[in-house]
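Take a look at the structure below.
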Amino acid sequence: MEEYIVRAGKRLRLGYTTGSCAAAAAKAAAWMLLTGRRREQIGLTTPGGVRLELAVRAIELGAGQVSCAIEKDPGDDPDVTRGTLIFAAVSKRDGPGVWIDGGAGVGRVTRPGLDQPVGAAAINSVPRKMIRENVGEVCRALDYQGGLSVVISAPEGEALAKKTFNPRLGIAGGISILGTTGIVEPRSLAALRDSIELEIRQHAAMGRRGVVLTPGNYGGQFISGHFHLNGAPVVFISNFVGDAIDCCVREGFTNVLLVGHIGKLVKVAGGIMDTHSRTADCRAEILAAHAAMAGAGAKTVREIMSSVTTTAALEVIEAAGVGDAARASLAAAIED
């Protein structure tokens with residue numbers, strides 16, 4: 001991929017996600033299965049609107065199945081899956097539609113609260129949608145009315161997963177197939193922090209004294225759906241909550257609205273101002289403490305502590321009948 005972004009004067013190459021790799025491999029394999037011909041390159045438009053033209057690797061054409069792979073390229077972003085081959089094996093099946101599952105090296109969900117249910121392959125919702133859309137595009141172009149089976153695999157995935165949070169999250173046996181936009185933006189930390197502060201200074205220079213800060217995609221999606229926020233300047237701050245707020249203070253802002261998923265912002269309730277997981281976590285501990293202050297018992301606290309995600313923990317808190325009080329307590333701590 002030869003597209004770049006500039007952060008604090010540094011030119012950084014974009015990459016593409018494992019989800020884009022899986023969808024492209026599935027599209028290429030479906031085309032070869034239905035035409036009987038080899039294909040060395042495949043085009044794909046990501047959910048973020050970026051067009052990719054990717055080399056197809058490790059092609060195996062069988063009578064009833066085609067397998068091929070796309071090599072993961074994260075650009076200038078440090079990523080343990082760099083150079084990994086993401087495979088798709090496509091075969092015909094009875095019944096309509098596209099059936100998706102994970103093979104060797106793709107993890108399986110073993111605990112509730114993640115993007116996919118327990119027992120499912122750790123192929124997240126957006127990559128699943130990408131696979132269905134791209135395979136469906138091939139079927140329509142070739143006037144194929146039947147069903148297809150798609151199995152995504154990553155032969156190196158089980159070893160790579162040990163370098164990720166998957167084992168701790170309850171994803172066993174491999175990596176996850178991820179991505180919300182299909183594109184990986186490099187996260188050079190110093191460059192990213194500088195670019196955030198530059199954007200805040202630019203808004204200040206334009207005379208603005210109120211700003212919306214959000215870590216990323218979840219906050220951005222929420223903001224776009226709420227009309228009363230659409231006119232406010234929005235700055236995407238990644239994990240740099242404290243640095244962004246400090247910059248707002250220096251530049252004379254009087255109103256800051258922090259919008260984001262609780263998985264990030266709950267850390268701020270514990271005074272954690274760099275919300276990257278390598279800096280600190282304590283999400284479960286913070287949620288458990290505020291639930292206990294709201295009246296939750298020891299059993300609920302234990303269930304919160306064993307929850308895989310904040311979403312799952314919130315379900316436990318709601319079931320205990322202390323949801324409103326716990327959220328109010330958390331919000332007050334975040335604001336403080």
* Asked: Nearest 10 degrees, 0 to 90: what angle lies between the long axis of helix 310-319 and the longest principal axis of the chain (Cα atoms)?
  -> 60 degrees
* **Global geometry of the range 26-124, whether rounded, prolate or oblate, following the gyration tensor of its Cα atoms and the 1.5 cut on a/c** => oblate
* Structure fact -> Asserting the computed 222 nm helical MRE of the chain (DSSP H runs at least 4 long, -39500 (n - 2.57) per run, divided by residue count, to nearest 500) equals -11000 deg cm²/dmol
* Structure fact -> The set of residues whose placed amide H lies less than 5 Å from the amide H of Arg39, leaving out same-chain residues fewer than 5 positions away, is none
* For the range 214-290, just say rounded, prolate or oblate: build the C-alpha gyration tensor, square-root its eigenvalues into a ≥ b ≥ c, call rounded for a/c under 1.5, and beyond that prolate if a/b exceeds b/c, oblate if not. => oblate
* Structure fact -> Residue-normalised value, i.e. accessible area per residue, for the chain at 1.4 Å probe, in Å², stands at 48 Å²
* Asked: Could you list log10 I(q)/I(0) for the range 140-249 at q = 0.17, 0.21 Å⁻¹, which the Debye formula gives when each Cα is one point scatterer?
  -> -0.95, -1.15
* Asked: Which value in Å is the Kirkwood Rh of the chain over different Cα pairs?
  -> 21.9 Å
* Rounded to whole Å, sorted largest first: equivalent-ellipsoid semi-axes of the range 182-314, Cα gyration tensor -> 30, 16, 15
* **Surrounding net charge for Leu114, when Lys and Arg each add one and Asp and Glu each subtract one, Cβ distance under 15 Å** => +3
* Asked: What percent do you get for the relative contact order of the chain when only Cα pairs under 8 Å and 6+ apart count?
  -> 16 percent
* **Residue with peak Gaussian network fluctuation, the chain [Cα springs, cutoff 10 Å], from Ala122, Ala24, Ala58** => Ala58
* To do: Mind jotting down the distance between the C-alpha centroids of the range 11-83 and the range 192-247, whole Å?
  => 34 Å
* Do any of Lys10/Lys72; Lys162/Lys299; Lys72/Lys163 go past 25 Å between their Cα atoms, and which? -> Lys162/Lys299
* At a 1.4 Å probe, what is the % contribution of carbon and sulfur to the accessible area of the range 140-185? -> 55 percent
* Which cross-chain or sequence-distant (5 or more) residues have an amide H under 5 Å from the amide H of Arg93, H modelled 1.01 Å from N in plane? -> Gly147, Leu148, Ser149
* **Bridge type composition, the chain - antiparallel percent by DSSP, nearest 5** => 70 percent
* Round to the nearest 10 and report in Å² the accessible area of His228, as given by a 1.4 Å probe over the protein chains' heavy atoms. => 140 Å²
* **Percent accessible area from carbon and sulfur atoms, the range 192-336, protein chains only, probe 1.4 Å** => 54 percent
* Rounded accessible area of Cys21 (nearest 10 Å², 1.4 Å probe) -> 0 Å²
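The values are calculated or read from the model by the stated rules, or taken from the named source; none is laboratory data. Here the structure is a predicted model, which is why all the values come from computation and not from measurement. Methodologically, a virtual Cβ is constructed for each residue, glycine included, from the backbone with ideal geometry; neighbour enumeration extends over all protein chains shown. The area values use the complete protein model at the heavy-atom level, side chains included, leaving out ligands, DNA and RNA. Shrake-Rupley method; radii C 1.70, N 1.55, O 1.52, S 1.80 Å.
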